[in-house]
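Structure first, then comments.
The values are calculated or read from the model by the stated rules, or taken from the named source; none is laboratory data. Please read these numbers as outputs of a predicted model, since none were measured by experiment. When we count neighbours, we look across all protein chains shown, and the Cβ atoms used for this are built from the backbone with ideal geometry, even at glycine. Remember, those area values only see protein heavy atoms, side chains included, never the ligands or the DNA or RNA. Shrake-Rupley method; radii C 1.70, N 1.55, O 1.52, S 1.80 Å.
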Amino acid sequence: MDFDLFVIGGGSAGVRCARISAGYGKRVGVAEERFWGGTCVNVGCVPKKLLVQAGEYGAWAEDAVGFGWQIKKGPHDWAKLIAAKDKEINRLNGIYKRLLDNAGAKIFEARATFIDPHTLDVGGQRVTAEHIVIATGGHPVRLPIPGAELGIISDDAFYLPRMPERVAILGSGYIAIEFAGIFAALGAHVDLVYRQPLPLRGFDMDLRESLVEALGAQGIALHPGSRPVKIEARGDEKVLTFGEGHKLHTDLVFFATGRTPATRGLGLDKIGVATNDVGAVVVDHQLRTSQPHIYAMGDVTDRLNLTPVAIAEGHALADTLFGHNPRGISLRNVPTAVFSTPPIATCGLTEEQAAEHGPVDVYVSKFTPMRHALSGRARRSMLKLVVDQASQKVVGAHMLGEDAPEIMQGLAIAMVMGATKADFDRTIGIHPTAAEEFVTLRTRTRVAGVAKAAE
Ligand SMILES: Cc1cc2nc3c(=O)[nH]c(=O)nc-3n(C[C@H](O)[C@H](O)[C@H](O)COP(=O)(O)OP(=O)(O)OC[C@H]3O[C@@H](n4cnc5c(N)ncnc54)[C@H](O)[C@@H]3O)c2cc1C
């Protein structure tokens, strides 16, 4: 065999797995067909957060007036922002490649596909490996409607030559919400078009309702319960037709309508690696596919599609295979954020999920952050704890408000350790902060899940 391990995909999961395995002195090969660092670094978390931050500066310039600053906000230069973003992404690409090189992995800048269970075609070259990891990530998908090719996907949004004046975003998952906030903060009129009654399906109901308020306060036009059926181009304009017959005129249609695992054309069918009905590779808790020497991790398995999860899986597999440290990772209490304006962060169960297991005490606090007492901006924060009544453990923490992701990371440690409401209560707050609300929630807002428990 040419390699002890061959990794297909140089994204968050693949780079970590290849680098740690090579560090254990193994012969490791890794193939990347598009960009080192994968989705997160190139067309995901990192450039997205830079664009969110660009929008924040504009809002801060407006807010500063309430604090006595005589600032006049000028126009925003989109081309300058994208050039600065590209420079930073190029720098990160280089770092990822160097990490692999320095660890001693052999790098292939090519597409890899299976020839047989131990042999790959890598850019026309045959390579064999004892163990193979599929870490190919996923792709954004458009709705299958006439004129879909007239719309863009998230990959394109990072390279738009100019900022559109009007954008219609289709979808209400986290990518749709984040880009709605970005475009609105940079001055565009944004229409957010989605099928559900509320955005962010799967998130806690109080968060979803608070988000609707926040999107409205940002001037984003919401179109819940809407089903687009066609896109047409009329000159520079795009016309979106809905199932109900009415039309929406815009400059840019943005499909934020989900992602699909990148398994097509890999040759998985001919080597007996099972995929599910959406094309995701099926794995067990040790990331093994239906072929015991072939593993899959990260977004291609379509379980919890987050960079830190992909990285943790890559590291755990390298330790298990070559580090004499067999281990898995837990997908319980994984904190996550939506970089909306203001951001959302969450850890553990929603109230609705927790209530299915029995009665829960729910604590909710809504308030105007101190900063906005002076800025005059209409912005409210919401934070919430869900506590299992029987064990008194905090099983869910949710927040919409400035710095929510920074705050939630610390709370996640407490939750992973099994903190109870009493542990939160005996923790002294930091004053004056929004975070202190999490340790001063004394009055229960409601009890949920009682009826279910009594059944
Ligand atoms: C717009 C956006 C924003 C996001 N924001 C966040 C965020 O804020 N926080 C967060 O945690 N997550 C975020 N994510 C999700 C995060 O990017 C993914 O969970 C993460 O990148 C998954 O890592 P991965 O290694 O599984 O896949 P990827 O990073 O997608 O890497 C897969 C790599 O494999 C390569 N590849 C595919 N097929 C082949 C082949 N046959 N041969 C060779 N190479 C191949 C691809 O080119 C790609 O580089 C975001 C995603 C998007 C799209």
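General observations
- Members of the stretch 336-390 found to be within 16 Å of the ligand (Cβ to nearest atom) and buried (at least 21 other Cβ atoms within 10 Å of the Cβ), listed by number: Ala337, Val338, Phe339, Ser340, Thr341, Pro342, Pro343, Ile344, Ala345, Thr346, Cys347
- Only one of Glu32, Glu88 that is within 16 Å of the ligand (Cβ to nearest atom), surrounded by fewer than 15 Cβ atoms within 10 Å (Cβ to Cβ) and in contact (Cβ under 8 Å) with a residue 12 or more places away in the chain: Glu88
- Residue check, Leu317 in contact (Cβ under 8 Å) with a residue 24 or more places away in the chain, open to solvent by 40 Å² or more (accessible area, probe 1.4 Å) and more than 14 Å from the chain's Cα centre (by Cα): no
- Note on the stretch 385-455: enclosed helices (runs of 4 or more DSSP H) holding 2 or more residues that are under 26 Å from Phe339 (Cα atoms) are 404-416.
- Pairs where the first residue, in the stretch 409-431, is at positive phi and the second is outside any helix (DSSP H, G or I) and of a type outside the set (Gly, Ala, Ser), C-beta under 9 Å, 6+ apart: Gly418/Lys393; Gly418/Val394
- Residue pairs meeting the criteria (Cβ under 9 Å; at least 6 apart or on separate chains; first without any contact (Cβ under 8 Å) to a residue 40 or more places away in the chain, in the stretch 251-271; second surrounded by fewer than 23 Cβ atoms within 10 Å (Cβ to Cβ) and part of a loop (DSSP other than H, G, I, E, B)): Arg264/Gly279
- Test: Asn333 is farther than 27 Å from Val52 by Cβ and either buried (at least 17 other Cβ atoms within 10 Å of the Cβ) or away from the ligand (no atom under 13 Å from the Cβ) (or both): no
- Of the residues making up the stretch 143-184, those that are away from the ligand (no atom under 14 Å from the Cβ) and in a loop (DSSP other than H, G, I, E, B) are Leu143, Pro144, Ile145, Pro146, Gly147, Gly151, Pro161, Arg162, Met163, Pro164, Glu165, Ser172.
- Tallying residues that are open to solvent by 50 Å² or more (accessible area, probe 1.4 Å) and within 23 Å of Ala214 (Cβ to Cβ) within the stretch 300-314 yields 0.
- Summed over the stretch 295-318, residues that are part of a helix (DSSP H, G or I) and more than 9 Å from the ligand (Cβ to nearest atom) total 5.
Conditions tested, residue by residue: (1) without any contact (Cβ under 8 Å) to a residue 12 or more places away in the chain; (2) touching a helix residue (DSSP H, G or I) at 6+ places or on another chain (Cβ under 7 Å).
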{"position": "Gly358", "(1), (2)": "no, yes"}
{"position": "Thr368", "(1), (2)": "no, no"}
{"position": "Ala373", "(1), (2)": "yes, no"}
{"position": "Arg380", "(1), (2)": "no, yes"}
{"position": "Leu383", "(1), (2)": "no, yes"}
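- Look at (1) among the aliphatic types (A, V, I, L, M); (2) at pLDDT below 95; (3) part of a loop (DSSP other than H, G, I, E, B) and you find that Ala373 fails only one, number (3).
- Condition check for Ala105: more than 9 Å from the ligand (Cβ to nearest atom), touching a helix residue (DSSP H, G or I) at 6+ places or on another chain (Cβ under 9 Å) and farther than 14 Å from Met1 by Cα: yes
- Residue tally, condition among the polar types (S, T, N, Q) and near the ligand (Cβ under 8 Å from one of its atoms), over the stretch 38-54: 2
- Selected residue (criterion: farthest from Arg201 (Cα to Cα)) from residues of the stretch 126-142 that are within 10 Å of the ligand (Cβ to nearest atom) and open to solvent by 20 Å² or more (accessible area, probe 1.4 Å): Thr136
- The stretch 11-24, subset touching an Asp or Glu at 6+ places or on another chain (Cβ under 9 Å) and open to solvent by 60 Å² or more (accessible area, probe 1.4 Å), residue nearest to the ligand (Cβ to nearest atom): Arg16
- Flag for Arg446 being open to solvent by 20 Å² or more (accessible area, probe 1.4 Å), within 24 Å of Gly66 (Cβ to Cβ) and in contact (Cβ under 8 Å) with a residue 40 or more places away in the chain: no
- Residue count for the stretch 253-294, restricted to those that are in a strand (DSSP E or B) and more than 16 Å from the ligand (Cβ to nearest atom): 2.
- Residues of the stretch 36-76 classified as under 30 Å from Ala135 (Cα atoms), open to solvent by 40 Å² or more (accessible area, probe 1.4 Å) and in contact (Cβ under 8 Å) with a residue 12 or more places away in the chain, total: 5
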